[in-house]
Structures are given as structure tokens and as C-alpha cells.
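The values are calculated or read from the model by the stated rules, or taken from the named source; none is laboratory data. Owing to the predicted nature of the structure, the values given are computational and were not obtained by experimental measurement. Methodologically, a virtual Cβ is constructed for each residue, glycine included, from the backbone with ideal geometry; neighbour enumeration extends over all protein chains shown.
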Amino acid sequence: MDAGLTTDSHDRGGPRQPLLIARDLRKHFPVKGSGKSVQAVDGVTFSVGKGETLGVVGESGCGKSTLARLLLHLVKPDAGELVFDGDPVGVSGGIAIDGLRRQVQMVFQDSYSSLNPRMPIRDSVAFGPFVQGKKKNEARHLAREMLSKVGLNPDLFGPRYPHELSGGQKQRVNIARALATGPRMVILDEPVSALDKSIEAQVLNLLRALKRQFNLTYVFISHDLNVVQYISDRVLVMYLGRVVEIGPIDAIFERPFHPYTRALLASRPSMDPARRVEEPPITGDPPNPINPPAGCRFHTRCPFAERVCETMNPTLGAGEGLHSHVAACHIHDPRAGHSRYGSA
Amino acid sequence: MTDTIVLDGPREEFEEQAPPATRVRGYWQSVFYRLRHDPVTLVFAAIVLAIVVAAICAPLIAPFGPYKESIVGRLKPFGWRGHLLGTDELGRDMLSRLIYGGRVSLLMGVVPVLIASLTGGMLGVVGGFAGGRTNTVIMRTMDVFYAFPSVLLAVAIAGAMGGGMANGMLALTLVFIPPMCRVAETATTQIRALDFIEAARATGAGTATIIRYHVLGNVLGPVFIYASSLISVSILLASGLSFLGLGVRPPVPDWGLMLSTLRQSIYIVPLVCALPGLAIFITSICCNLVSDGLRAAMDVRM
């Protein structure tokens, strides 16, 4: 995966420099009339290495999609900074937001609403390059190329309208559209969750192949753990707007640190009839993000919650380098004084 | 229109290179295809077309001049001395005046709607896309006009500015801007929330580019359909203004005005007096039915 990176002409910091660093990203949506706000993303810090796929998992409403939009500045962050390949985004001396959008693209979950219903799909694909300064002919040529790259015959599908395509075909068009501007990084916001299982596999394999072909870096957002396990190199687990655990895929799936990650993994249906999942490992709904619990946000549902969890906010351990496995849990923090320290 | 929006050059090239295996139609092509298979709409569209052509070619078609009076031939019934539809209170040929009257009535029907669609539509798109305070200012201003019944508003504006055709048209335009604006605003607000707008923004496209390529095409349909239904309303309102003496001035032939002046003679030649009303009725109902047909044909998901 790292081998191809040296050929990338846009690469500036070398393969060891993270492609994207998000530091303390924060987005609170004000709730009209109440003076309160929904803390959709609350201090999220992580890095994405070049050429890797970072999976982002979490329950509905935990801020995954807001995070995706923050990474592209589609939603303006309240606080925090983004660093793209060494360049701070949107500040003088760094790269402009437009510059970021030339290098990062997004594939949306809803393949239907993410295509203009009144535009033939070849024009939808050509729109990005056209906006970024390509001549109409070049843009159209590129669109043809991209459509065939995602497995759609441009002569047959190019002039069609989105309603004439199936969900899987539309999602292929969305992928072609995202890749048409030649991005280095693609944010995939639940790209396969609206698709049939068989189509899902096709699209996932297509994404893998395209990643290899174009030296892409993915941020793959999903609530489906199996999909994330299949496609990701590293995983970031979110809960109520915060990162609770981040680490390499094998480490997280084999030895999860955080009780929430364990609960998530345990909630997967067992494939072994002899080892049925008898009880739901996690109960209740996540707390209201308008008024999140103090201290550790998971303490209201955590089986190991103690006093310290209710008062002190656990921090994500520093870890060494990009591939360390860290969790924001007092059980793993010797200074917190949690009675179960070291037991898990 | 929308299918040629981004890349309007080498489309033909495609079709020459490799004809698609299945027949693929563009948006407007499929609209026309559906219209062709809708006989009701076609018939009424033909009637509207006939009325329009008659109005345009009035000097060629009309058997008499619209102002040619006759003292002896006043208020005569159908077919009197070559006057196929009789004569009015000054002995002018009804058929000729109806044909000429179509010019004014159709103009009063189409022009205000056209201007209102452009201005109201633009206001609505801008307000809907900008959202927030801009939208509130625009839409609340429009709401002020909603407080008055449209007929009353038209009468008040035309009355304040004095009669005449130009002022009548202006009054009607002002009446139609608020509903037009609301239709465009609603459509834009719906479109704006969809992911493809966000995707366009993610490519770095500016607001103007997004509106031009992604919003207008989607707003055009609803605005066009609504505008076509307003034409009949406009014809009726214009007739009403003329009837009240606030639109066209005599002796210019206009359906509303003719109805107004002939109403005193309703007991003498009732059928002749009803003719202008019939013309208004036929034109507006045909416009309405054609607009209904268009609405059905323009629905993409069929």
C-alpha cells in the first residue's frame, strides 16, 4: 500500500507525514430558542496516514456524518484545525479551503439525493472538473473515462438520468464523480449502507481497486462493523461526538480497550450457533447530545462506571505514532484511580 | 434545456460514435414523448394554439375591421348580413372584435405572468438558496401582498396608477410576483437540502455556479407549470380590470371590456352578449388543462 506513494506527484511531506491531521475539531449546532446546542462533534483529534483507510464507526447520531462534513469544510468547525499534508487549512500560509476541496472529495450515503435528478449522469461527473477549470470537452472526456473506471459503459449510461439507474449504479456514479477531480483523499460517508448485500460487496471491491489504482486515502464512515473490518486499516470509534478509541483494525477487533467498543463488537450477531449472543450487551439509547453527561460520556451505559467516570473526562492516551492503539477510558489510565485499572 | 446545461457541444458526437443499445431519451425529449401520448392535452393545446394564431393573424382572418361601426346594424343576431356572430351596440362585427380582442387579452394574460415568473422566480431562488435572514426579508415582504385578495390588489394598484393597458399589466405583474416567488422559494429550499448541492460545493463550486447548473434546472419545472396555470388567471383578472374600466380603454377591443359594455344589451341579443365571456372561458380552461397536462408530462419519475 505504501509502495505506490512515491509516484504521487502531489505528495509533499513524504510517506511518513500524515495526509490529514484533525486537531480538536468541534462543532456544536445551536438549538433554536433554547440557547443550548447539540454537541455533534466535540474535540475530535486524529490523523490519517497516506494510503490507508481509516474506518469511523459509532451509533447513529454520534457525529460521524458531521465529522465527514467538517473534514471538507462543508460545515464550518467552531474550533479546531485541519492540516492537509503539512499545510494548515484555511489559514494564511496554509492551503485555502478551495485547495483542500481539490484534494479531498466525498461520497454520500444517499445515492439518490446526491445526484442532480435533472442532469444526465455524465454531466454530473463532469461538473467537478469543469468547475475546477477544465474545458467542457476535457471534462466530458474525463467523465467518460471515470464512468468506465467504475464499471459503467459511458455510451450506455452517460446520457441517462439518475432515476433510470439502480442504487448500486448510482453509487458507482457518485464514486466516479468524487474521483473525477483527481482527489488524493476520499471521504466515504456510509457509501454502502443503503445497498443490497450483494451490491455492497461489489462496491466495496470497486473501492478497494480504485484505491490501489489512484493511490487514494480513504476515511470510511460506517455503522456496519463487518464492512469496516473488511476495508479498513485502522478504526476510529466515536461515541456522542468524541473519539473513544482508535487503533489498527486487528488490535481493535481482537483486543478492544474501551467498554463501548467491546459492547459494539459484542452486538454483532454471532456466526457460531454454539456461541449465541444471549443478552444485548448494551442497553438503552445514547444520552441526548444536547445535554451530554459530565465526565465520561459513556458512563450512563457503562457496566464498569465508577465515581471517577462521572466527574472526570477521560483523555485519549497519547500513544506513539500513527499506528498506536489508544482509548479514552479511565480503566486504562493509571492516574484516574479506577478500581479495575490493569484488569482489562 | 437541462440536459444540455453543462456540456452542450459534442453531444451529437456521442450518438454518432456508438448508438446506445437501449433508447435513451433526454429530459425534454421524454417530456415531449409523454405529451405526444396524451390526446386530451394535445387537443386543448391545439385550441390554445388556434386562438394565439388567430390573434396574431387578426388582420388576415377578421372579416371586418374591429372599429367599423354601423348605425343600422346595431345589436344584430348571429348571421345577420354576413356578420357570422352578430354585431355589438355600435354595429361592429362581433367575430372581428373577438379575434382582435384576443390580442389584448392574450397579451394581458402572458406578459404579466412572464415578467412575474422572472422576477418572482429569481427572488425566490435567491431567498431559498441564501436562507436565513435574506430569505426572511424576501418572504415576509411577499407575505404583505398575500394579505390582500388578488382581485382587490390588482384593482387597487391599477386604480392608484390610473387605467390603461400598461398600468393594468404592471398591476397584474405585481399581483403574481408573490405567489411565483413562493413557488420558486419552496422548490429551491427542497433542492438546497439535497446532497448533490453539497457534493457540488465539495468540488469548490461557488454559489452562482451551483445555482446556475444545479438549482435552476430543478426549479424551472415547478415555476413553468405554475406560470402556465397563472395565464388563465391573468386573462380573467385582466378582463375584470377592463370590465371595471381600469384596463384597456374603449374602443380598443378586449374581451373583458366587450363583456362590460354589452351587458346592458343582454335582454336584446343574449347570445351575442355572452360571446366575450365564452371566449374568456374557453381560453382560460384550455390554458388550465394544458398546464395540467404539462405538469404530468414533466414529472421525471414516471
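Here are some notes:
- Filtering segment B:168-196 to residues that are of a type in the set (S, T, N, Q) and either surrounded by 20 or more Cβ atoms within 10 Å (Cβ to Cβ) or without any contact (Cβ under 8 Å) to a residue 40 or more places away in the chain (or both) leaves B:THR173, B:THR188, B:GLN190.
- Qualifying residue in segment A:68-90 (condition: of a type outside the set (A, V, I, L, M), closer than 19 Å to A:SER222 by Cα and modelled with pLDDT of 85 or more): yes
- Residues of segment A:191-204 classified as in a helix (DSSP H, G or I) and among the acidic types (Asp, Glu), total: 1
- Among the residues of segment B:117-136, those that are exposed (fewer than 15 other Cβ atoms within 10 Å of the Cβ) and not hydroxyl-bearing (Ser, Thr, Tyr) comprise B:GLY131, B:GLY132, B:ARG133.
- Segment B:172-196, residues that are within 14 Å of chain A (Cβ to nearest Cβ), within 29 Å of B:PHE145 (Cβ to Cβ) and among the aliphatic types (A, V, I, L, M): B:ALA187, B:ILE191, B:ALA193
- Listing of helices (runs of 4 or more DSSP H) fully contained in segment A:249-340 that carry 3 or more residues being in contact with a helix residue (DSSP H, G or I) (Cβ under 8 Å, 6 or more places away or on another chain) and modelled with pLDDT of 80 or more: A:249-254, A:259-266
- Residue in segment B:84-92 that is part of a loop (DSSP other than H, G, I, E, B), among the polar types (S, T, N, Q) and modelled with pLDDT under 85 present: no
- Index of the failed condition, A:LYS197 passing every other in (1) out of contact with any helix residue (DSSP H, G or I) (no Cβ under 9 Å at 6 or more places or on another chain); (2) surrounded by 23 or more Cβ atoms within 10 Å (Cβ to Cβ): (2)
- Assessment of segment B:285-299 against the conditions (farther than 17 Å from B:PHE243 by Cα, assigned to a helix (DSSP H, G or I) and among the β-branched types (Val, Ile, Thr)) yields at least one matching residue.
- Of the candidates B:SER96, B:SER117, the single residue that is farther than 19 Å from B:VAL215 by Cβ and assigned to a helix (DSSP H, G or I) is B:SER96.
- Subset of segment A:74-105 (residues that are at the interface with chain B (Cβ under 9 Å from one of its Cβ atoms) and assigned to a loop (DSSP other than H, G, I, E, B)): A:LEU74
- Here the condition is being more than 14 Å from chain A (Cβ to nearest Cβ) and either in a helix (DSSP H, G or I) or in contact with a Cys (Cβ under 9 Å, 6 or more places away or on another chain) (or both); of B:GLY217, B:GLY240, it holds for B:GLY240 alone.
- B:PHE78 vs. criteria modelled with pLDDT under 90 and outside any helix (DSSP H, G or I): yes
- Only one entry in A:LEU188, A:LEU236, A:LEU207 is within 14 Å of chain B (Cβ to nearest Cβ) and either outside any loop (DSSP other than H, G, I, E, B) or closer than 28 Å to A:ALA328 by Cα (or both), namely A:LEU188.
- For the residues B:ALA55, B:ALA46, B:ALA50, the requirement of being more than 14 Å from chain A (Cβ to nearest Cβ), modelled with pLDDT of 85 or more, under 21 Å from the mean Cα position of the chain (by Cα) and surrounded by 18 or more Cβ atoms within 10 Å (Cβ to Cβ) singles out B:ALA55.
- Of the residues making up segment A:106-118, those that are under 19 Å from A:MET185 (Cβ atoms) and at the interface with chain B (Cβ under 7 Å from one of its Cβ atoms) number 3.
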